[in-house]
Amino acid sequence: MTSINKSSSWKALNSHFKKMKSIHMRDLFIKENNRFNKYHIQYEDFLVDFSKNRITDETLNLLTNLAKEAKLEDWRDRLFSGDKINFTENRSALHIALRNKSQKAILLDGKDIMPNVKKVLRQMKIFSNDIRSGKFKGYTGKKIKSVINIGIGGSDLGPAMICEALKSYGAKDITPYFVSNVDGADIAQTLELCDPETTLFIVASKTFTTQETMTNAYSARTWLLKHLKDRQSIKNHFVAISTNGAAVDKFGIDKENMFEFWDWVGGRYSLWSAIGLSISIFIGMDNFEKLLNGAHDIDNHFKDAPLNKNIPVILALIGVWYINFFKFNTHAILPYDQGLSLFPSYLQQADMESNGKFIDRNGNKIKYHSGPILWGESGTNGQHAFYQLIHQGTEVVPSDFIMPIHSHYSIGNNGNEHHKILIANCIAQTQSLMMGKTNKEARKELKNQNLDENMIKILTPHKTFEGNRPSTSILFDKLTPKSLGRLIAIYEHKIFTQGIIWNINSFDQWGVEYGKQIAKLVLPKLIEPNETSGFDSSTNNLINYTKKNI
Ligand code: F6P
């Protein structure tokens, strides 16, 4: 395949960009008073308003052509049919099978994988019910009250984000904790909050070799045995989720307490697998199933909706438009829901580990930008932190505003005062970012404040906003397991779509593996007594300085 930036649709987009770069969205809204009608997609309770973007019909047509030229539809079929599209690891990327609620078989190497998926779901259901009901007890016969998930990356971020998001569905007598950092503070501070007799550890690791996770798991085991003084207690307090049965066995976790998953589940797509056990324990298996249902709905939508009515595809294409043509290299995720406070960091892994790549599928260095720097924070907190830059900075930051219409919490006047204020802020931000405030408007406003002419002159440029700052609003009824499943799957498929357009493998992560490899070289150097040489002078000196002062 020739490089996508040499394709006819890319070239057409380049010429179109020359026209579009100076057009203000204000003018587009004046010209097309039905702009919202044209540029939104309603999918059941999900409303995606992408009208506040620097696009026209022509832009969308050209972007859709680009997706076609990149053979998005073929690749989408290959994803769903279990082709080994993660070719650098010779693996399929079949997370869609984990939430396949149809009765259809999904074949991998000619064998239906659904029976195994369902078997593990049943195992999760029994175990989650037993923990919640108190049937499964700690070693001394007490009910489990604390569930500590020990994992990192995909074995942590998804479950942690979801347990936070769906707190209002959580069991009141179970507290989920997430320990990921190898910094001892993480596990030590968590253990301080827990009683060994009522604590369950979930060691969540696809490989069961990850340094951070295994170090934390061994420290947890030491802590447990110090208090319960019997190796038999491990059976009542440790479960493992992994693809590596031998390593789980070596750690001392009973086969019965192991939940399997498979190499065709990428780490950052694993929350739908047994890696979601902390979720199913906390919110119950029925709710976990609803999360899967939500994702399955979006799998169908992504598969079946025409490209120009397809939510993940539209989000992806608008992203490509900004990254590759406007050269806006960052993207903000701004959820107006406290429950989604971890959503930006969850998405950082999903997006940046997937599309942070400069080598294409043919092994060539790409000559265009790929994955954006993703960042964000829940609203309204972000407004009082970094929104200044989004409004008036020299960087333009396309932003996603994510907002449920109803809150789980009835508080304030009429029971919805807080939520109304939250919504007002969210909508107001998208409006002001798009419209801006002209010099003339700023001047008029200052004049109305009866300021003297000199002051007006000084203040006017500071109170002027260029506007034309793009945003997409994603609204849905309420943050429920189902809507959260949908939201996550929308982004997963958006990321996939962008990876296809950029012709990169979104399912490996060799950069992360490289970091792990070097850490393994540095650690023994920190331990050995003699002076370290052999690295560059900075690294040698950092190691030696640390050794001297440790
Ligand atoms: O961050 C790199 C990574 O390989 C992720 O893809 C994965 O989610 C994480 O490490 C943890 O890996 P494991 O589940 O094998 O411990």
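Could you count how many residues in region 395-425 are outside any strand (DSSP E or B) and more than 21 Å from the chain's Cα centre (by Cα)? Reasoning before the result, please.
As a first pass, look at region 395-425 and keep what is outside any strand (DSSP E or B): 395-398, 407-425.
Restricting the remaining residues to those that are more than 21 Å from the chain's Cα centre (by Cα) gives 395-396, 407-425.
Final tally of qualifying residues: 21.
Are any residues in region 351-396 within 16 Å of the ligand (Cβ to nearest atom) and either open to solvent by 50 Å² or more (accessible area, probe 1.4 Å) or β-branched (Val, Ile, Thr) (or both), and if so, which ones? It would help to see each step written out before you state the result.
Quick first cut of region 351-396, residues within 16 Å of the ligand (Cβ to nearest atom) only: 351-357, 371, 374.
Hits for region 351-396 are 352, 356.
Check off (1) under 27 Å from the mean Cα position of the chain (by Cα); (2) farther than 29 Å from residue 286 by Cβ; (3) surrounded by fewer than 16 Cβ atoms within 10 Å (Cβ to Cβ) for residue 118 and give me the number that stays unchecked.
In the conditions (1) under 27 Å from the mean Cα position of the chain (by Cα); (2) farther than 29 Å from residue 286 by Cβ; (3) surrounded by fewer than 16 Cβ atoms within 10 Å (Cβ to Cβ), residue 118 misses (2) alone.
If you check residue 250 against the conditions, is it farther than 20 Å from residue 123 by Cα, more than 16 Å from the ligand (Cβ to nearest atom) and not in a strand (DSSP E or B)? Don't jump to the end; show me each part of the working.
Numbers: farther than 20 Å from residue 123 by Cα: yes; more than 16 Å from the ligand (Cβ to nearest atom): no; not in a strand (DSSP E or B): yes.
When the stated conditions are applied, residue 250 does not pass them.
In region 177-195, what count of residues is obtained for those that are assigned to a loop (DSSP other than H, G, I, E, B) and open to solvent by 50 Å² or more (accessible area, probe 1.4 Å)? If you could, list the steps in order and put the result at the bottom.
Going residue by residue through region 177-195, those that are assigned to a loop (DSSP other than H, G, I, E, B) are 180-183, 193-195.
Subsequent filtering for residues that are open to solvent by 50 Å² or more (accessible area, probe 1.4 Å) retains 181-183, 193, 195.
Of the residues in that region, 5 qualify.
Taking the residues in region 255-268 that are part of a helix (DSSP H, G or I) and touching a residue at least 40 places away in the same chain (Cβ under 8 Å) as candidates, determine which candidate is farthest from residue 492 (Cα to Cα). If you could, list the steps in order and put the result at the bottom.
Just the residues of region 255-268 that are part of a helix (DSSP H, G or I), to begin with: 255-257, 267-268.
Going one step further and asking which of them are touching a residue at least 40 places away in the same chain (Cβ under 8 Å), we end up with 267-268.
On the way: 267: 13, 268: 10 Å.
Checked region 255-268; the qualifying residue farthest from residue 492 (Cα to Cα) is 267.
In region 131-162, how many are hydrophobic (A, V, I, L, M, F, W, C) and within 12 Å of the ligand (Cβ to nearest atom)? Explain how you work it out, then say what you get.
We begin by selecting, within region 131-162, every residue hydrophobic (A, V, I, L, M, F, W, C); these are 131, 136, 144, 147-148, 150, 152, 157, 160-162.
Pick out the ones that are also within 12 Å of the ligand (Cβ to nearest atom) and you get 150, 152, 157.
So the answer is 3.
Only one of 213, 198 is in contact with a Lys or Arg (Cβ under 9 Å, 6 or more places away or on another chain) and either open to solvent by 40 Å² or more (accessible area, probe 1.4 Å) or modelled with pLDDT of 95 or more (or both); which?
Numbers: 213 fails: in contact with a Lys or Arg (Cβ under 9 Å, 6 or more places away or on another chain).
None of the other options fit; the residue is 198.
Which one is nearest to residue 391 (Cα to Cα) among residues in region 433-458 that are open to solvent by less than 40 Å² (accessible area, probe 1.4 Å) and part of a helix (DSSP H, G or I)? Give the derivation first.
Taking region 433-458 first, the residues open to solvent by less than 40 Å² (accessible area, probe 1.4 Å) are 433-434, 436, 442, 446, 456.
Subsequent filtering for residues that are part of a helix (DSSP H, G or I) retains 433-434, 442, 446, 456.
Details: 433: 6, 434: 9, 442: 15, 446: 19, 456: 21 Å.
Among residues in region 433-458 that are open to solvent by less than 40 Å² (accessible area, probe 1.4 Å) and part of a helix (DSSP H, G or I), the one nearest to residue 391 (Cα to Cα) is 433.
Quick check, is residue 171 more than 16 Å from the ligand (Cβ to nearest atom) and either open to solvent by less than 70 Å² (accessible area, probe 1.4 Å) or assigned to a helix (DSSP H, G or I) (or both)? Walk me through it before giving the result.
On the way: more than 16 Å from the ligand (Cβ to nearest atom): yes; either open to solvent by less than 70 Å² (accessible area, probe 1.4 Å) or assigned to a helix (DSSP H, G or I) (or both): yes.
So residue 171 passes the test.
Return the pairs, sorted by first residue and then second, in which the second residue is assigned to a loop (DSSP other than H, G, I, E, B), the first residue lies in region 142-157 and is among the polar types (S, T, N, Q), the beta carbons are less than 8 Å apart, and the residues are 6+ apart or on different chains.
146/174; 146/193; 146/194; 146/195; 149/156; 155/205; 155/206; 155/210
Considering region 484-521 alone, what residues qualify as being at pLDDT below 95 and among the aliphatic types (A, V, I, L, M)?
Once the filter is applied, which keeps residues that are at pLDDT below 95 and among the aliphatic types (A, V, I, L, M), region 484-521 yields 512, 518, 519, 521.
Given 131, 126, which one is in a helix (DSSP H, G or I), out of contact with any Ser or Thr (no Cβ under 8 Å at 6 or more places or on another chain) and without any contact (Cβ under 8 Å) to a residue 24 or more places away in the chain? Working first, answer last.
Values: 131 fails: without any contact (Cβ under 8 Å) to a residue 24 or more places away in the chain.
When all the criteria are applied, what remains is 126.
Suppose we keep only residues that are aliphatic (A, V, I, L, M) and open to solvent by less than 50 Å² (accessible area, probe 1.4 Å) within region 244-258. Which one would you say is farthest from the chain's Cα centre (by Cα)? Full working, then the answer.
In the first step, residues of region 244-258 are kept if they are aliphatic (A, V, I, L, M); the result is 246-248, 253, 258.
If we keep only those that are open to solvent by less than 50 Å² (accessible area, probe 1.4 Å) as well, we get 247-248, 253, 258.
Numbers: 247: 28, 248: 28, 253: 30, 258: 26 Å.
Looking at the filtered set, the residue picked out is 253.
Within region 200-243, can you find the residues that are within 23 Å of the chain's Cα centre (by Cα) and either part of a helix (DSSP H, G or I) or more than 22 Å from residue 274 (Cβ to Cβ) (or both)?
Start the filter on region 200-243 by keeping residues that are within 23 Å of the chain's Cα centre (by Cα), which leaves 202-208, 210-213, 241-243.
Residues satisfying the conditions are 211, 212, 213.
Evaluate the following for residue 477: is it touching a Pro at 6+ places or on another chain (Cβ under 7 Å), among the acidic types (Asp, Glu) and surrounded by fewer than 17 Cβ atoms within 10 Å (Cβ to Cβ)?
Working: touching a Pro at 6+ places or on another chain (Cβ under 7 Å): yes; among the acidic types (Asp, Glu): yes; surrounded by fewer than 17 Cβ atoms within 10 Å (Cβ to Cβ): yes.
Taking the combined requirement at face value, the residue satisfies it.
Here's the yes/no breakdown for (1) under 15 Å from the mean Cα position of the chain (by Cα); (2) under 26 Å from residue 267 (Cα atoms):
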{"position": "299", "(1), (2)": "no, yes"}
{"position": "315", "(1), (2)": "yes, yes"}
{"position": "319", "(1), (2)": "no, yes"}
{"position": "327", "(1), (2)": "no, no"}
{"position": "331", "(1), (2)": "yes, yes"}
{"position": "336", "(1), (2)": "no, no"}
{"position": "345", "(1), (2)": "yes, yes"}
{"position": "352", "(1), (2)": "yes, yes"}
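Give the residues of region 459-474 that are among the basic types (Lys, Arg) and either open to solvent by less than 50 Å² (accessible area, probe 1.4 Å) or touching a residue at least 60 places away in the same chain (Cβ under 8 Å) (or both), sorted by residue number. Please lay out each step first, then the result.
Residues of region 459-474 that are among the basic types (Lys, Arg), as a first pass: 463, 469.
Across region 459-474, the qualifying residue is only 469.
Has region 261-276 got any residue that is surrounded by fewer than 17 Cβ atoms within 10 Å (Cβ to Cβ) and away from the ligand (no atom under 16 Å from the Cβ)?
Here is the first cut: in region 261-276, the ones surrounded by fewer than 17 Cβ atoms within 10 Å (Cβ to Cβ) are 263.
So of that shortlist, the ones also away from the ligand (no atom under 16 Å from the Cβ) come out as none.
No, because not a single residue in region 261-276 is surrounded by fewer than 17 Cβ atoms within 10 Å (Cβ to Cβ) and away from the ligand (no atom under 16 Å from the Cβ).
The values are calculated or read from the model by the stated rules, or taken from the named source; none is laboratory data. What you see is a predicted model, and the numbers here were worked out from it, not measured in a lab. Cβ atoms come from the backbone with ideal geometry, glycine included; neighbour counts cover every protein chain shown. The area values use the complete protein model at the heavy-atom level, side chains included, leaving out ligands, DNA and RNA. Shrake-Rupley method; radii C 1.70, N 1.55, O 1.52, S 1.80 Å.
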